[in-house]
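Step one of this worksheet: look at the structure below.
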Amino acid sequence: WNMDIGYKPLPANSVLSKDILDFYSLGVREIDKRREWVSGHPESLAQIAIFYSESSKVFYGRDNVLLYCDEFLGYFEALLNAGRIFDLIGTKHLSRDGLKKYKLIVLPGAACLSDEEVRCLREYIAGGGKILATYHTSLYDAFGGRREDFALRDVFGCSYAGHIPEKDYRLRTEY
């Protein structure tokens, strides 16, 4: 596990909230529960990867960290419950060589993507890869600045038409 958690500095007037720290703690506990499955293997057999977007958590969810965390954890849990083998990847894994082994990249709530991340995803798709993107994926730049349209609109085959209430898009595993 070589994650990018904390790779971007917070804005000068920001502090880590209890919600963010609780989110990190939950992730660490889940990884620890699966330690025997995620260590000691030189190469993953996963054909699916779920992309963890630190930028989306920090900048898109700055007023409500759960906006990103709920979506991310929902897909994480759905893949676990479906018995799928998957890797957790971050920005440093977005390259032609880093992505080519995957048949599917899941981008849950990855609203904030840099131009470089968008370029890497386009290359992956042009090479035959598939993505599952949700809600505002690519609508914001790496620091939460709103774009006029999805940066991946050409890949999605659609443009941003307007806001939908939050309750309409969140993947939840509880009923």
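The values are calculated or read from the model by the stated rules, or taken from the named source; none is laboratory data. Predicted model only: the values in this text are computed from it and were never measured. Reconstructed Cβ throughout: ideal geometry from the backbone, glycine too, with neighbour counts over all protein chains shown. Ligands, DNA and RNA are excluded from the accessible area calculation, which covers all protein heavy atoms including side chains. Shrake-Rupley method; radii C 1.70, N 1.55, O 1.52, S 1.80 Å.
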Inset, instruction - Return the whole-Å distance between the Cα centroid of segment 16-34 and the Cα centroid of segment 70-100. - result: 16
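Based on the mean of other beta carbon atoms within 10 Å per residue, what is the order of 48-54, 26-32, most packed first?
Details: 48-54: 22.0, 26-32: 12.9.
Top of the packing list down: 48-54, 26-32.
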Inset, instruction - Would you work out which of ILE50, THR137, LEU66 lies farthest towards the positive end of the dipole of segment 49-175? Charges go on Cβ: Lys and Arg +1, Asp and Glu -1. - result: ILE50
Inset, instruction - Using a 1.4 Å probe and ignoring any ligands, DNA or RNA, find the accessible area of SER114 and quote it in Å² to the nearest 10. - result: 30
Inset, instruction - First check a/c for segment 101-166, with a ≥ b ≥ c the square roots of the eigenvalues of its C-alpha gyration tensor; if it is under 1.5, answer rounded, and if not, answer prolate when a/b is larger than b/c or oblate otherwise. - result: prolate
Inset, instruction - Express in nm, to one decimal, how much length is gained between ASP97 and ASN81 on full extension, taking 0.36 nm for each residue of separation and deducting their alpha carbon distance. - result: 2.9 nm
Legend entry - Candidate residues HIS93, HIS136, HIS163: accessible-area rank, largest first, probe 1.4 Å: HIS163, HIS93, HIS136
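Quick check: with the 1.4 Å probe, what order do PHE156, PHE143 take by accessible area, largest first?
On the way: PHE156 65, PHE143 130 Å².
Heavy-atom accessible area, descending, gives PHE143, PHE156.
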